[in-house]
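Student: One structure follows; several queries about it will come next.
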Amino acid sequence: MAIELAPIALPATASRTDFDPDFGREVKGVKPGELTPEQFKEIETALYTVGLGSSPGALNLCTSQHGILLFRDAALTPEQQYALTKAFDPESESYGHGNNKTQSTKKSILHPDLKTIPRVPQVQLIGNGMVYNHEGLESAALKHPSHTTFHKTRVSPENEALGITRFYRWHIDAALYDYNPPRATTLYGITVPGGDRQTVRYSDDDDPSGEILSVPLGTTAFVSGKKMFQILPPELKSLAVRTSVRYAPHPYVWMAPARAKSDGLGIVNEGLELPLSELPEWEQSKIKTLPILWKNPVTGELHFQVHPCGAQELIVKPLPLGASREGALYPDGEHIKDLGKVRELLHSMQRPGIAPGLVYPHDWKERDLVLFHNRGLLHTVVGAFKPDQVRAFHQCNLAASDVPAGPTEQDIIAWA
């Protein structure tokens, strides 16, 4: 039985001219925990490509992909969720940050957010409030990540009471040290509390003219890395296609004392990061240097995929021979080690891509399964819950068996 793909409902805030209508699809007619090999192949094709070419069975390599696949009312055990996630990369085995690694490193900014399912360490329990007798966990105190503990400034209590909130941290699911970024992530909503919508404010309270976005309570917000690249002006496209980002060792420990920007897109440059000498033991060979742009393995399209909070250095290649130097940034190449400049450049390139009209804030229902292309999208936790609002989700992503492919020499020539 062939799967059915239906367009996901776009939020009223989505730009009707700029939001990609193929961004996501709802999958109907199959059970995600019981897919046949043929059905999985259809799911994999749907995630990476829109449809078929002119001949039966021929993929249209010039089209875009559905970055999100949504299964409603899904019944899914942790074992089935792990198996589904692993099917996208059969050689992968470990959770994206290493099995149990986030909980063993108490200085990591991820430490409070994740609880490992004991019998399936690749699946994490996340959410808010107290959960009891859950998949082998006698009890778990869950904490929904909030901007109040990570941003340099916070929404005032008065505005918070009115439902004003912020994006927490725009990111890719990835350890960014030792382990390769996962290909896909699965999020499964088990307990989803209801409540009033909230309003994301991009800027600080003292700047009421800034952008805002209406979102469901506790939404997960997604943006397209492809769109983030497409909307850049030529000089920034040229810079992006020639640049790699070097991440800090143990970046989630390194960034823990620092504080984020009000839009959740990177760190305020105050020199608060943990000195490298105070990090857990690390090896130079395990530091990740990854291209800014990641290439879709089927369509060949380029996606701007950078976790700005963990970035430490930028390495820019020179312009290719014969390329115009007019208006080009760093035409002779550069190794940018000034952290303030690194953050300034990345923010200037990524900020247009999280504009309100380009954000998909998912409206979670119980037993929703969201499968997304972790090498093509950025996402963030949003909003805040009260202590008595219990939320329980299962998350799974697996450290990949390969490194994301970057731009080819032909891509560099085309965009530089």
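Student: Please specify each residue of the stretch 245-296 satisfying the condition of being farther than 30 Å from Ala46 by Cα and among the aromatic types (Phe, Trp, Tyr).
Tutor: Tyr247, Tyr252, Trp254, Trp282, listed by residue number.
Student: If we keep just the residues of the stretch 25-40 that are surrounded by 13 or more Cβ atoms within 10 Å (Cβ to Cβ) and touching a strand residue (DSSP E or B) at 6+ places or on another chain (Cβ under 7 Å), which is nearest to Ala75 (Cα to Cα)?
Tutor: Ranking the qualifying residues of the stretch 25-40, first place goes to Pro32.
Student: Tell me, yes or no, whether the stretch 285-299 has at least one residue that is among the small types (Gly, Ala, Ser) and without any contact (Cβ under 8 Å) to a residue 24 or more places away in the chain.
Tutor: yes
Student: Can you tell me which residue among Ala384, Ala328 is outside the structural domain of Glu26 (by TED's automatic domain parsing), surrounded by 14 or more Cβ atoms within 10 Å (Cβ to Cβ) and touching a residue at least 40 places away in the same chain (Cβ under 8 Å)?
Tutor: It is Ala328.
Student: So if I check each of Ile412, Ile315, which one is in a strand (DSSP E or B) and either at pLDDT below 95 or surrounded by fewer than 22 Cβ atoms within 10 Å (Cβ to Cβ) (or both)?
Tutor: Checking each option against the conditions leaves just Ile315.
Student: Please go through (1) surrounded by fewer than 17 Cβ atoms within 10 Å (Cβ to Cβ); (2) within 16 Å of the chain's Cα centre (by Cα) for Val359 and return the number of the only condition it doesn't satisfy.
Tutor: In the conditions (1) surrounded by fewer than 17 Cβ atoms within 10 Å (Cβ to Cβ); (2) within 16 Å of the chain's Cα centre (by Cα), Val359 misses (1) alone.
Student: Does the stretch 354-365 include one or more residues that are part of a loop (DSSP other than H, G, I, E, B) and either without any contact (Cβ under 8 Å) to a residue 60 or more places away in the chain or farther than 23 Å from Pro21 by Cα (or both)?
Tutor: no
The values are calculated or read from the model by the stated rules, or taken from the named source; none is laboratory data. Bear in mind that the values here come from a model prediction, so they are computed numbers and not experimental data. Cβ coordinates were reconstructed from backbone atoms using ideal geometry, including for glycine residues, and neighbour counts include every protein chain displayed.
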